[in-house]
Structures are given as C-alpha cells and as structure tokens.
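Taking it in order: structure first as structure tokens, then the write-up.
The values are calculated or read from the model by the stated rules, or taken from the named source; none is laboratory data. Note that the coordinates shown come from a computational prediction; the quantities given were computed from them, not determined experimentally. Here the Cβ positions follow ideal geometry from the backbone for every residue, glycine too, while neighbour counts run over all protein chains shown. Remember, those area values only see protein heavy atoms, side chains included, never the ligands or the DNA or RNA. Shrake-Rupley method; radii C 1.70, N 1.55, O 1.52, S 1.80 Å.
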Amino acid sequence: MIYSNRAEWLAAKSRKVALFGMSGLGKTWAANLLRDEGWFHYSVDYRIGTRYMGEYIADNFKREAMKNPFLAELLLSDSVYIASNITFENLAPLSTYLGKPGDPTKGGLPFEEYLERQRQHRKAEMDALLDTAHFIDRAKQIYGIENFLCDSGGSICEVVDPDDPEDPILTSLSQNLLMVWIEGSEAHTEELIKRFSRAPKPMYYQPAFLAAKWDEYRDLKGVAETEVDPDDFVRWTYAQALAHRQPRYAAMARNWGVTIRAEDLYLVRDAKGFTSLIADALPA
C-alpha cells in the first residue's frame with residue numbers, strides 16, 4: 001500500500017484513494033462530496049462510457065433512429081446529431097447499451113450479441129482502470145489538484161484476480177492509490193436487491209458466471225433463448241451476482257488495501273471526516 005500506516009496517510013501532502021464495492025454503497029456520493037472540497041474525481045464508468053464505448057453507444061442510438069423514416073432521412077442528410085449525454089450521475093446510456101438477453105419483443109438482445117457487448121465492456125473497464133495513473137498525473141499537471149479519488153465501477157472485481165500478486169490492474173492501482181473496500185452489511189444487500197427488483201438494470205458479469213447462470217436459468221424455466229424474459233433473468237441473477245462478488249471484494253481488500261463500513265461512510269460530511277475514516281482503517 002502506498003500509505004503503510006495511519007501516520008503516513010495523515011502526513012501525506014497528497015491523498016489518493018480508489019473506492020470499490022457494490023454499486024449503491026456510496027462511491028459516487030463520496031466522490032461528489034470530496035470534489036466539492038477540491039479533490040479530483042475520476043469515474044471509471046464515465047471513462048468507459050465516453051472514451052471507450054461512446055461510439056458503440058451512439059451507433060446504437062443511430063440504429064434505433066434509422067428505424068424511423070423521419071429520423072432516418074434527417075440522419076442521412078446530416079441534419080440531426082445524435083450523441084450520448086452521459087454524466088457522473090447519469091450512466092444510463094452505458095447500462096442501456098449493455099442491455100439484457102432474451103425475448104426481443106420484451107427488449108431483449110440475442111445472447112451472442114449480448115455476449116459481444118459484455119466483451120466490449122470488459123476490455124473497456126480494464127483499459128479505464130489502467131488509465132487511472134494517467135489521470136492522477138493530469139489532475140496535478142493541468143489543474144494543480146493533488147488529492148485524487150478513483151470511483152470504480154461495481155464490476156471491478158470481475159476483471160481482476162485479487163489472489164494474483166502480479167495482477168496488472170491491481171498492481172497499477174495499488175502503486176498509485178490506496179485501495180479501499182466499502183463493505184456493506186446484510187441489510188444493505190437486502191435493500192440493494194429490493195431496489196434492483198423494482199427497477200432491474202443491465203450490468204456486467206464475469207464470463208464463466210454469466211454462462212453458467214444463463215444455462216441454469218433456461219433449464220429451470222424450461223425456455224429457449226428467445227423466450228427468456230430479460231427483466232426476470234437479471235432479477236433472478238442479481239442476488240447471486242452479489243454473492244459471487246462479495247468474496248472477490250474481500251480478497252481485494254485483504255491482499256491489496258483496507259476496508260471501511262458503508263454505515264461509517266454515510267456519517268462522513270466533509271473531506272476531514274473522510275480522511276479520519278481512512279486513517280482508522282490503516283494500521284497504527
């Protein structure tokens with residue numbers, strides 16, 4: 001770790017942190033809080049949706065627009081411009097592009113196309129994570145900002161091997177930032193599952209996990225690929241995905257960083273409080 005103990009962290013002239021954990025536990029909330037106090041906020045998901053998958057997303061919009069004769073004519077004559085309006089707070093264009101597999105009449109994608117989009121996301125996420133060090137330099141050189149927070153996506157644990165001491169992504173991150181796991185409680189997990197059930201959203205899955213769950217779901221329901229209800233599939237998979245990720249997050253924290261509790265993060269009100277919370281997580 002770049003800060004081996006509490007004293008080093010508190011004495012540091014610049015503080016650099018990467019937050020990771022389940023989506024919905026406060027990573028972006030904390031980043032926004034710190035950004036208001038002069039920290040640089042690097043959002044991995046925003047980088048994915050703009051730098052690495054922006055063209056895929058825009059082209060998908062255009063394909064849909066071309067199905068409408070009125071919009072098709074305007075597009076072909078360059079009379080309209082279609083682009084994603086992705087922001088730190090609104091990542092819907094990215095998740096919408098990822099989509100859900102299943103029945104096309106219910107908005108589902110053919111499974112092979114869905115897998116291709118998953119592969120695109122995997123590569124984009126890996127590249128965006130490796131870009132973190134570059135943005136640390138940019139923050140300092142262009143804006144003169146020393147304190148830096150990397151707001152990682154919930155699927156970071158799916159694109160790294162936390163038990164490999166030579167994992168290239170975790171090596172790069174840990175050499176430049178303090179890796180901090182936001183650990184949720186069972187109550188947090190239950191609330192996230194309820195929230196997801198109300199509004200199921202596309203997400204990225206580790207390939208082997210996704211393939212196993214796709215086959216298991218279709219066997220359980222006795223349906224063909226084109227008969228799968230997309231929302232029902234992602235609802236059914238979500239809780240299992242969280243359970244699959246939990247030990248991977250824990251291994252990342254054990255081997256590469258430290259742990260804070262989500263309920264403690266929620267009590268933070270400013271950069272000073274955040275600094276104290278991280279200090280408490282480090283060895284004395």
Legend entry - Sole residue being of a type outside the set (D, E, K, R) and touching a Phe, Trp or Tyr at 6+ places or on another chain (Cβ under 9 Å), chosen from Gly38, Gly26, Gly54: Gly26
Inset, instruction - Count, please, the residues in the range 194-226 that happen to be touching a residue at least 12 places away in the same chain (Cβ under 8 Å) and open to solvent by 60 Å² or more (accessible area, probe 1.4 Å). - result: 5
Inset, instruction - Starting from residues that are in a helix (DSSP H, G or I) and β-branched (Val, Ile, Thr), keep the ones in the range 138-174 and report whichever is farthest from Lys27 (Cα to Cα). - result: Ile142
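Given Asp131, Asp103, Asp137, which one is open to solvent by 40 Å² or more (accessible area, probe 1.4 Å) and farther than 21 Å from Asp59 by Cα?
When all the criteria are applied, what remains is Asp137.
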Legend entry - Qualifying helices (runs of 4 or more DSSP H) (wholly inside the range 1-114; at least 1 residues being of a type in the set (D, E, K, R)): 6-11, 27-35, 44-47, 54-65, 69-76
Legend entry - Single match in Leu98, Leu75 (criterion: under 17 Å from Ser43 (Cβ atoms) and surrounded by 15 or more Cβ atoms within 10 Å (Cβ to Cβ)): Leu98
Inset, instruction - Could you please find all residues in the range 105-121 being among the charged types (D, E, K, R) and out of contact with any Asp or Glu (no Cβ under 8 Å at 6 or more places or on another chain)? - result: Glu112, Glu113, Glu116, Arg117, Arg119
Legend entry - Close pairs from the range 247-271: first more than 19 Å from Trp29 (Cα to Cα) and part of a helix (DSSP H, G or I), partner modelled with pLDDT of 95 or more and of a type in the set (Phe, Trp, Tyr), Cβ under 8 Å, at least 6 apart: Tyr249/Phe20; Tyr249/Trp181; Ala250/Trp181; Met252/Phe20; Met252/Trp181; Ala253/Trp181
Inset, instruction - Can you work out which of the residues in the range 100-145 that are farther than 30 Å from Lys16 by Cα and small (Gly, Ala, Ser) is modelled with the lowest pLDDT? - result: Gly107
Legend entry - Residue check for Ala241: without any contact (Cβ under 8 Å) to a residue 60 or more places away in the chain and surrounded by 15 or more Cβ atoms within 10 Å (Cβ to Cβ): yes
Inset, instruction - Tally the residues that are within 30 Å of Asp270 (Cβ to Cβ) and not aliphatic (A, V, I, L, M), restricting the search to the range 24-83. - result: 20
Legend entry - the range 116-132 residues that are without any contact (Cβ under 8 Å) to a residue 60 or more places away in the chain, paired with ones that are surrounded by 17 or more Cβ atoms within 10 Å (Cβ to Cβ) and among the hydrophobic types (A, V, I, L, M, F, W, C) (beta carbon under 7 Å, 6 or more apart): Met126/Val159; Met126/Ile169; Leu130/Ile169
Inset, instruction - Looking only at the range 147-163, decide whether some residue is of a type outside the set (D, E, K, R) and open to solvent by 30 Å² or more (accessible area, probe 1.4 Å). - result: yes
Inset, instruction - Taking Glu125 as the residue in question, decide whether it is in contact with a helix residue (DSSP H, G or I) (Cβ under 7 Å, 6 or more places away or on another chain) and closer than 16 Å to Ser14 by Cβ. - result: no
